[in-house]
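To keep things clear, I will list the structure first and then write my remarks on it.
The values are calculated or read from the model by the stated rules, or taken from the named source; none is laboratory data. Remember, predicted model here, so these are calculated numbers, not experimental data. Heads up, the Cβs are rebuilt from the backbone with ideal geometry, glycines too, and the neighbour counts pull from every protein chain shown. The protein model used for the area step is the full one, side chains on, heavy atoms only, and it has no ligands, DNA or RNA in it. Shrake-Rupley method; radii C 1.70, N 1.55, O 1.52, S 1.80 Å.
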Amino acid sequence: MTDKQYLTTKDLAHRYGLKPNTIKSWRDKTKAGKQTGPSWYVLSKTAIAIGSPRVRYELHQVLAWEETNNITPINSF
């Protein structure tokens with residue numbers, strides 16, 4: 001398993017064999033009121049290094065979402 005306790009959009013897309021834009025569309029659907037995909041949070045621009053992804057998915061929430069929705073990832077960590 002990974003040492004970091006979060007996944008980026010790119011990490012999550014890789015895990016499911018999807019394009020990052022698909023993961024982004026899940027967030028858009030959730031914002032519109034239809035919960036799609038695991039929960040995420042956004043870091044402020046001042047909290048991270050320039051060029052680092054701001055959207056993060058907490059690992060334990062991703063794993064819980066997969067279990068709740070009977071999702072088996074295509075790629076492991």
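Think of a 1.4 Å ball rolled over the protein heavy atoms: the chain then has 69 Å² of accessible area per residue.
Farthest towards the positive end of the charge dipole of the chain, among the residues 57, 68, 44, is the Cα of 44, using unit charges on the Cβ of Lys, Arg, Asp and Glu.
Each of 55, 62 has its accessible area taken with a 1.4 Å probe; listed largest first, they run 55, 62. The protection proxy used here, the mean number of other Cβ atoms lying within 10 Å of each residue, ranks peptides 69-77, 17-25 as follows, highest first: 17-25, 69-77.
If you roll a 1.4 angstrom probe over the protein chains with everything in place, what fraction of the accessible area of the chain belongs to carbon and sulfur, to the nearest %? The computed percentage sits at 52. Averaged over residues, the count of other Cβ atoms within 10 Å places the peptides 6-16, 36-46 in the sequence 6-16, 36-46, highest first.
Radius of gyration (Cα atoms) of the chain, expressed as a multiple of 2.2 N^0.38 Å: 1.08.
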